Amino acid sequence: MSRPSFKRILLKLSGEVLMGDQPFGINPETVARMALEVKAAKDAGFELCLVIGGGNIFRGMAGAAKGMDRAQADYMGMLATVMNALAMQNALEQLGVDTRVQSAIQMDQVCEPVIRRRAERHIEKGRVVIFAAGVGSPYFTTDSGAALRAAEMKCDALFKGTSVDGVYDADPKLVPDAKRYDNVGFDTVLSDNLKVMDASAVALCRDNNIPIVVFSIREEGNLARVLAGEGTATIVTNQA
């Protein structure tokens with residue numbers, strides 16, 4: 001099955017990617033490298049919006065596991081995603097890329113609220129839009145936020161940049177002979193619990209026919225290669 005071409009994409013990055021070699025937090029050099037990847041994609045003619053997780057600073061589910069109230073912990077995680085979005089905005093603007101951050105939790109002094117039509121206008125003007133604070137409600141992950149924004153912005157695909165080069169039937173770091181998929185269906189991902197994204201995000205993409213492309217963002221230049229249909233990735237579709 002040949003990989004389809006896309007024009008407007010939502011790029012989902014895990015917060016852990018921004019740590020680089022650090023045990024936690026934001027590594028400015030890593031953020032700068034990610035920004036170069038985004039700029040290269042934009043320069044190639046793609047329309048881009050981003051969602052970045054907050055696990056490098058605070059993860060709501062981890063806080064809840066240690067006894068915190070889940071809703072309170074999730075709100076803290078949302079604030080972490082705003083910090084990451086601002087860091088990425090700064091790195092992109094240093095490269096000359098016009099960028100806007102829109103947060104699902106209103107904080108007018110640092111970014112815009114999420115307004116769909118305004119975000120569409122930003123993209124039409126060639127700006128990169130970074131959506132922060134997930135969906136603005138607890139009990140939803142940034143994966144769900146990414147799927148929601150991809151649907152709202154009528155994106156052709158959701159690209160998930162991870163630490164592995166695609167979708168496997170087990171963790172390849174723990175299971176050396178884990179099976180890797182080049183193409184896989186949404187229903188297979190859900191029925192086999194393949195851990196691409198959380199189930200609500202996968203179902204939202206399935207119902208709106210938005211392909212999910214899973215690739216390694218840690219490989220330098222890989223985003224541009226995957227966008228060009230050359231890099232290693234797994235594509236999740238309704239047709240697989």
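Computed quantities for the displayed model
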item: Residue under evaluation F58, criteria (1) in a loop (DSSP other than H, G, I, E, B); (2) of a type outside the set (V, I, T); (3) in contact with a His (Cβ under 9 Å, 6 or more places away or on another chain), criterion not met; result: (3)
item: Every residue from the range 156-176 that is under 22 Å from N56 (Cβ atoms) and crowded, with 22+ Cβ neighbours inside 10 Å; result: L158, F159, K160, G161
item: Unmet requirement for T81, which otherwise passes all of (1) modelled with pLDDT under 95; (2) assigned to a helix (DSSP H, G or I); (3) touching a helix residue (DSSP H, G or I) at 6+ places or on another chain (Cβ under 7 Å); result: (1)
item: Qualifying residues in the range 161-176 (those that are of a type in the set (A, V, I, L, M, F, W, C) and under 24 Å from L50 (Cα atoms)) - the one modelled with the lowest pLDDT; result: V164
item: Residue match in the range 114-122 (condition: buried (at least 22 other Cβ atoms within 10 Å of the Cβ), touching a residue at least 60 places away in the same chain (Cβ under 8 Å) and within 19 Å of the chain's Cα centre (by Cα)); result: no
item: Odd one out for N183, checked against (1) under 20 Å from S14 (Cβ atoms); (2) in contact with a strand residue (DSSP E or B) (Cβ under 7 Å, 6 or more places away or on another chain); result: (1)
item: Residue check for V110: without any contact (Cβ under 8 Å) to a residue 40 or more places away in the chain and loosely packed, with under 14 Cβ neighbours inside 10 Å; result: yes
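Conditions tested, residue by residue: (1) assigned to a loop (DSSP other than H, G, I, E, B); (2) modelled with pLDDT of 90 or more; (3) exposed (fewer than 15 other Cβ atoms within 10 Å of the Cβ).
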position	(1), (2), (3)
A150	no, yes, no
A178	yes, yes, yes
K195	yes, no, yes
N209	yes, yes, yes
V213	no, yes, no
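The values are calculated or read from the model by the stated rules, or taken from the named source; none is laboratory data. Only a predicted model underlies this, so the values are computations on that prediction, with no experimental measurement involved. Ideal geometry is used to build each Cβ from the backbone, glycine not excepted, and the neighbour counts take in all protein chains shown.
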